[in-house]
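A quick write-up on the structure given underneath.
The values are calculated or read from the model by the stated rules, or taken from the named source; none is laboratory data. Note that this is a predicted model, so its numbers are computed, not measured. Glycine also receives a Cβ, built like all others from the backbone with ideal geometry; neighbour counts cover every protein chain displayed. Accessible surface is based on the protein model in full, side chains and every heavy atom, while ligands, DNA and RNA are left aside. Shrake-Rupley method; radii C 1.70, N 1.55, O 1.52, S 1.80 Å.
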Amino acid sequence: MSRLTRFLRKPLNFGIVAATSAGIVFSIKTAPHLFPNYLYRPVFEAYRTGNYCKLTEEQNREFLEVCGDLGINPAKYNAFVTSRWEAKSIGLPWFPSGCHIGVPATLVSEPDLSNIRFSGPIKANLDSREGLWLRDSLKMGKEARKFAVGQQIALSDSNLPFYSIVLAPVATVAGFATTFIVQILSPLVPVYVTGLAVGTCFYFAYSFCMAGLNERVDLRVNQRLADLSDAYVMGGLEFYEKLLQRNRGLRKLLGSRGEQLYTYYGNETPGLVYSSGATNIQKRDILKELFDQKQKERYATENRKVTES
């Protein structure tokens with residue numbers, strides 16, 4: 001340990017270790033977005049009888065409709081069928097491999113719910129009350145399905161993954177720099193103790209920054225979709241109501257595991273220091289407020305026209 005301490009007390013050696021660590025973090029964060037065909041899709045792509053599931057005509061048509069509504073070139077996006085419960089995107093439209101949008105197999109007008117599977121050895125009674133909640137939550141109207149897909153397209157178009165890619169190595173370098181400064185000011189403290197304390201602080205800071213960024217981008221994306229039309233607002237409300245219903249059902253069906261994943265009201269349980277963004281209830285309520293505000297503005301406009309006439 002003393003050799004390591006002497007090695008790290010030299011600025012050049014410490015800088016090399018810091019740059020190497022930041023490079024590793026950057027590579028880990030960037031790799032799934034640069035090589036989604038090798039690191040993402042093989043894990044999350046849906047299979048049936050040993051073959052990839054293909055998008056249905058309905059899914060492909062709705063995907064193109066959403067791209068058109070958002071004014072986005074669909075050539076930069078590659079949609080595929082995912083085995084996940086929710087739509088998910090990976091990559092960035094300006095990366096060489098583009099952005100890949102995973103569309104759940106159940107995101108159709110008539111989903112096949114006869115063979116719902118859970119990961120691992122979990123077994124659940126889908127004929128129970130909670131099982132019926134789950135089945136019903138997977139049946140969404142067209143506007144709700146378009147909102148689910150449009151949310152992921154708009155998220156990737158907002159460059160949210162890029163912020164995460166950049167912020168992680170920056171936090172790593174800042175943590176190493178702070179550790180080196182503290183070591184100079186307090187040379188009697190072992191470097192591994194300083195590194196652990198500073199690293200923990202910067203991890204908390206990074207997590208809180210990402211949580212705030214996720215929440216801000218989530219709400220901005222929902223605002224962008226809501227501005228398209230009232231149909232998207234209604235679709236968003238249905239989507240979040242179904243999502244909350246699904247999570248409440250899974251919380252009961254999965255037992256203790258479900259209680260760890262979902263709250264009583266249907267939100268995803270946040271980590272100790274990390275949050276994926278605004279809660280489902282918060283996003284639903286904001287959409288309700290937007291819809292009510294639009295209704296009031298429309299009513300006021302109609303009354304003004306009547307008065308003027």
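Things to note:
- Centre-to-centre separation between the Cα atoms of segment 289-309 and those of segment 21-98: 41 Å.
- Against the chain, whose longest principal axis is taken from its Cα atoms, helix 160-185 shows a tilt of about 20°.
- Chymotrypsin sites (Phe, Trp or Tyr not before Pro), loop per DSSP, at most 14 other Cβ atoms within 10 Å - longest free stretch of the chain: 119-263
- Beta bridge orientation in the chain: antiparallel %, DSSP, nearest 5: 55
- Accessible area (Å², per residue) of the chain, counting only protein heavy atoms and a probe of 1.4 Å: 57
- Between Leu287, Leu12, Leu254, the GNM of the chain built on Cα springs shorter than 10 angstrom shows Leu12 fluctuating the most.
- Calculated FRET efficiency, Asn159 to Glu268, Cβ-Cβ distance, R0 = 30 Å: about 0.85 to the nearest 0.05.
- Between the beta carbons of Cys53 and Asp136, assuming R0 = 25 Å, the FRET efficiency works out to 0.65 to the nearest 0.05.
- 222 nm mean residue ellipticity, helices alone, for the chain (DSSP H n ≥ 4; -39,500 (n - 2.57); rounded to 500): -21500 deg cm²/dmol
- Of the solvent-accessible surface of segment 157-309, computed with a 1.4 Å probe over protein heavy atoms with every protein chain present, carbon and sulfur atoms account for 62 percent.
- Compared with the dominant principal axis of the Cα atoms in the chain, helix 11-34 is inclined by about 20°.
- Sulfur and carbon atoms: percent of accessible area, segment 20-76 [1.4 Å]: 59
- Relative contact order [Cα under 8 Å, 6+ residues apart], the chain, whole percent: 18
- Cross-link pairs beyond the 22 Å C-alpha cut-off, checked among Lys88/Lys242; Lys139/Lys283; Lys283/Lys305; Lys54/Lys139: Lys283/Lys305
- Restricting segment 13-56 to trypsin sites (Lys or Arg not before Pro) in coil, as DSSP defines it, with at most 15 other Cβ within 10 Å: Lys54
- Principal-axis tilt of helix 142-157 within the chain, Cα atoms, nearest 10 degrees: 30
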